[in-house]
Structure formats: C-alpha cells, structure tokens
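A short worksheet on the structure shown next.
The values are calculated or read from the model by the stated rules, or taken from the named source; none is laboratory data. Since the structure is predicted, the reported quantities are computational estimates derived from the model, not experimental observations. Here the Cβ positions follow ideal geometry from the backbone for every residue, glycine too, while neighbour counts run over all protein chains shown. Just so you know, the surface numbers come from the protein's heavy atoms only, side chains and all, with ligands and any DNA or RNA stripped out. Shrake-Rupley method; radii C 1.70, N 1.55, O 1.52, S 1.80 Å.
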Amino acid sequence: MTPSFATITAPRPDRDSLARDRAAVDALLDRGDVPAALGLWDHHRRDYETWSSLIHLRFAQDTGSETAKADRDYADALAPEATEHEIAIKRRLLNNADAVSAITGAHALALWDSDLATFDPAIKPALEEESRLSARYTALLAGARIDFRGQTVNLAGLDAFAQDPDRATRHAAESARWGFFAANASELDAIYDDLTRLRHRMATQLRYDTYTPLGYRRMRRTDYGPADVARYRDQVRDHVVPLVARLLERRRAEHGWDRLRYWDEALIDPAGNPAPAGDHDFLIAQARTMFDRLHPRMGDFFRVMDQGGFLDLKNRPAKAGGGFCTSFPTAGVPFIFANFNGTHHDIGVFTHEMGHAFQNWESRGQRITDYLWPTMESAEIHSMGLEFLSWPFMDLMVGAEAADRFRRMHLIGALAFLPYGVCVDHFQHEVYANPDASPADRHAMWQRLERIYMPWVDYGDLAYPAMGGRWQAKHHIYSSPFYYIDYTLAQCCALQFWAWSRRDFAGALESYVRLCGRGGVAPFQDLVRSAGLVSPFSDGALRDVVGQAAAFLGVDI
Ligand code: ZN
C-alpha cells in the first residue's frame, strides 16, 4: 500500500507523558536490560520527532492558522523538557558503553558524548535568550517590505530581479536590498553583538575558553576540528579563488564592461540564467521521467512522495518562505516543502531537496533515530551530489537548447560559492576568538577576509556592503553558528561525484546510492571515504576537481 501523508499521526506528548516514558526506560536500565531500554527509547523518540515535524510543517504550510501557531508554540515550549530527559538517558547509556555499542556501533556514543558536553541546566536561560535573539533577526528580515518599481516585495522577492539579464535592473535590486540593511544597521549590529557575547558566556559557563570548541560540539563534529577546517579554507584560497577570478574576468570581457560589479556576479549566463521550461505540473511530470531514468529506486520513491502527498511546492499566501526537507521517523517517508518562483531555483527542489529526501528514505531501516540523518556536512553531499548526478537529464527540466547552458551555470555557481562560503566560516572563527570586538571591528574583519577570498568584489555605489556589512544578510551567521562551512565541505565531495560521473556514470551513481543508505551511521570522513571520495581535509582534494572543472569550462589556471 502506498503511504499517505494524510494518515501520519503521532500522540501529542506533555510533561507527564515525557516523564512516564523516561521512567519506563529507566526501569529497564535499572534491570540491566540495555537492548530493551534502547528499543523502547528509540520508539519514543520516533513518536516524538514525528509529532514535532508534523507540528512545524503544518505551521509552515499555513502561518495564518491560529491552531497551527498555538501548536508550534506548545511544541517549542516543550522541547527543552524533552531535551533534558534525552540527555539523562544518553548519560545512562554512555555508562553502559559496551552493551550499547554492541547494538548501535561506536558512532552513536560519540554523538551523545557531544550532546552531553553542550548541555547543562545552568545554560538553559542562555539557550532561551539565544533563540529569542535569533527569532528577532528572522522577524526583522521577514518583515522587510521593499518598494521596487511600483511593487512591494520582500527580500526573497528581489532575487529574481537580482539575476535579471538587464544590468540596470540588477543594480536597482541590489540598491534596494542594501538600502534595507542600511536602514536597519543599528538593530542588526545590536542583535549580533548580543549573540556573540551570550555565546561566549555560555562557553565559559561550560568551561571552554571561547565559543568555537562549543560551536563545533553543538554541530556534533566528532572527527575534525578548527585546524582541519583552516587547512581546507587554504585549499579554497589557493585553488578555487584563482579559477573564479578568471571566470569573472572572462564574463567582464564577454560583456564589454569596463569593470565587473557586485551586481554582475549573479548573472552567470550572458544570455540570461536558464529557467525551468514549464510550471509546477510540468516539472512534476518531467521529474517523474528523470528519476525513472536515473535509478529505479529513485523513480519508485518519487512516485511514493508524489502520490502520497509528500510534496508541497507551490507558492501561496500565508505559506512560510524558503524550502526544506523534513521527515517522520514512524512512517519513513520524508516531505519536501518549497516555494516555486519560476527561476532555476525550482529545479533545485527536484535535485537538491530530493537528494536529502532520497537519503532519508534509503536509510529508514537504520536501527536508531540518530542514524536516520547524518551530520550536516554529510547530509549536504546527498543534496549537492544529486544536483550533479542529474546533469544528463537537465534537458527534461530546461529544454534541450538550454541544457548545456544550465550545466555550465550550475558548475560556475558551485565553484563561485566556495570562496564566499569559506569567508563566512573564517569570519565566524575571528568573531568568536575576539568576543570583545565592537560592531565596527567586525565589519573591518569581514572586509579584510573578503579581500583574501573574493578580491574581485567591487560594490560600486552600494555603500552598506562596501563598508563591510555584507555578512549581515546571511542568517546562518546569526542563527546557526559554524554551520556554513558544511555546504563547502559537501560541495568538495559533490564535485568529486561530478568528476567521477563523467568517466563512469554508473559507478558514481551506485556509490551515491550506497552512501545514501548509510545515512548517519558514521562520522563525516568515514562516510566520505567509504563512498570512494577523498576527504576535503586531505591535501589535493580540491586541486584535482578544480583542474577538471577549469578544463570543462575552457579556462586555463
Ligand atoms: Zn540542503
């Protein structure tokens, strides 16, 4: 029987039910029955996560619904209580490490060890304050109402104009965007100033010197640290920055511009960035064909999602912005939420978000909840990897004429993202190493790093980014510290899948599917190596793929 989204339910927990569930697991552990305790606990966690995912998804689907909002507030208020019970159980399981790892393998223990090291009831008020500050930033940006050529648009609404083939339109869109940031400068500075001081205080309460090691633990990174990441940033600086500089110089010359400005960077294809060849229903039908041809398991899985109501892709009033993939561990089928806007972004829903969804589906049989999703840098390999593995089928999405242009645009975009991504990461390392810096100091830090990683940037008359304010548009810097490097690490791996698929498509695809099935059973570098890829932290990981990308794009480096 085809699973249906409409039939997914989970019991609504409350403080009493959480305490009862915890007591039942404790009783089994008291008796020394670790397998039964693990099994019962995992059953509770799947129920809880399914319930929480449903509540958050329903709110995103209709932010105007009072019931959905009340449910979400209830879930958010209950979450710290659930975390405390989880931490207590994880502590007991870590005391039974041998019996547990015989069932789960060692990785679960390393993950729970990270969770224990980042939580203490003493920092609960700080965690609450942190989420209040992050929410203020989100609300500030979400509330943007920008007058643009007679329309009122939000920040996301400017994106299509910012990549318009017409140069004056792109410039006007960026002027409007940065005008909003300039008008809110003091609030943006104040929120981040509060967040960095708060995070530093939290770290010292937990006996770390700075926030950085705590931030790495919160990301559940168990097999690499800041020194590895710094070496990776150097690889990007040495191998990718020169290539992107050449590509941008070529674009400048092709257009006959005297200089390439910041607002020219988003127009990757001189003829206009290729867009989808049709609307929502057209793309769904084409995606069905694409996945059938790509891999029989992907074709079957896409049919399950489509027929079972696990896709919500159209833009509509009161729907939350953005896109994501969420999951219901009791059912095993994930859900894709998106807002189509008619640009190439819509194609990413079927390549990027489907990569996440397919991984979650393939690893639904993993024994414990912790392994249903891997840590974020690994999770983005599945999404960014599928973006490249779907290359041969892009004629279905953008039409035969535009398919080659789409592939070039995608590859150039993937490469150009790396310098920006590592700049965002390097910036945060400097911020948390200097917790007493002033907002003006932070703008100066960003400017200095920008000159290393993006020496080509020319903001022209855009005063706000020109004085070092560009980083304030990146929500991860506010809401998800140290997250951003994950996209760049995954991109390095995805580019390896691209290079592999060009000499042996079937082999690359089989390795990709196997990697999806492993879910989060191991840490990042273990997953990467088991897929036949080179760890981004190894010397030369980027050099080879960058050389192949340069050759593909016809650029000498
Ligand atoms: Zn993703």
Quiz item: For the range 312-339, how many residues meet the condition of being under 25 Å from Met376 (Cβ atoms), more than 16 Å from the ligand (Cβ to nearest atom) and not charged (D, E, K, R)?
Solution: 7
Practice problem: Only residues that are polar (S, T, N, Q), more than 16 Å from Gly540 (Cβ to Cβ) and surrounded by 19 or more Cβ atoms within 10 Å (Cβ to Cβ): list them for the range 198-248, please. | Solution: Thr212, Thr222
Quiz item: Does Ala331 satisfy the criteria of being surrounded by fewer than 17 Cβ atoms within 10 Å (Cβ to Cβ), touching a residue at least 60 places away in the same chain (Cβ under 8 Å) and closer than 21 Å to Ala60 by Cα?
Solution: no
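Right, Val398: closer than 16 Å to Pro276 by Cα, away from the ligand (no atom under 16 Å from the Cβ), open to solvent by less than 20 Å² (accessible area, probe 1.4 Å) and not aromatic (Phe, Trp, Tyr) or not? Please lay out each step first, then the result.
Working: closer than 16 Å to Pro276 by Cα: yes; away from the ligand (no atom under 16 Å from the Cβ): yes; open to solvent by less than 20 Å² (accessible area, probe 1.4 Å): yes; not aromatic (Phe, Trp, Tyr): yes.
Criteria met by Val398.
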Quiz item: Within the range 350-374, how many residues turn out to be within 13 Å of the ligand (Cβ to nearest atom) and part of a loop (DSSP other than H, G, I, E, B)?
Solution: 2
Quiz item: Consider Thr204 against the criteria (1) polar (S, T, N, Q); (2) within 30 Å of Gly460 (Cα to Cα); (3) at pLDDT 95 or above: it satisfies all of them except one. Which criterion is unmet?
Solution: (2)
Practice problem: Would you check which residues across the range 539-557 are open to solvent by 40 Å² or more (accessible area, probe 1.4 Å) and within 26 Å of Arg217 (Cβ to Cβ) and list them? | Solution: none
Self-check item: helices (runs of 4 or more DSSP H) fully within the range 125-208 counting 3 or more residues that are farther than 30 Å from Ala271 by Cα and in contact (Cβ under 8 Å) with a residue 12 or more places away in the chain
Solution: 185-205
Quiz prompt | Test: Ala97 is more than 14 Å from Thr369 (Cβ to Cβ), open to solvent by less than 60 Å² (accessible area, probe 1.4 Å) and either polar (S, T, N, Q) or under 27 Å from the mean Cα position of the chain (by Cα) (or both) | solution = no
Quiz item: Hey, among Ala414, Ala403, which residue is more than 16 Å from the ligand (Cβ to nearest atom), in contact with a helix residue (DSSP H, G or I) (Cβ under 8 Å, 6 or more places away or on another chain) and not in a loop (DSSP other than H, G, I, E, B)?
Solution: Ala403
Quiz item: Are any of the residues in the range 494-510 of a type in the set (Ser, Thr, Tyr), in a helix (DSSP H, G or I) and under 30 Å from Asp258 (Cα atoms)?
Solution: no
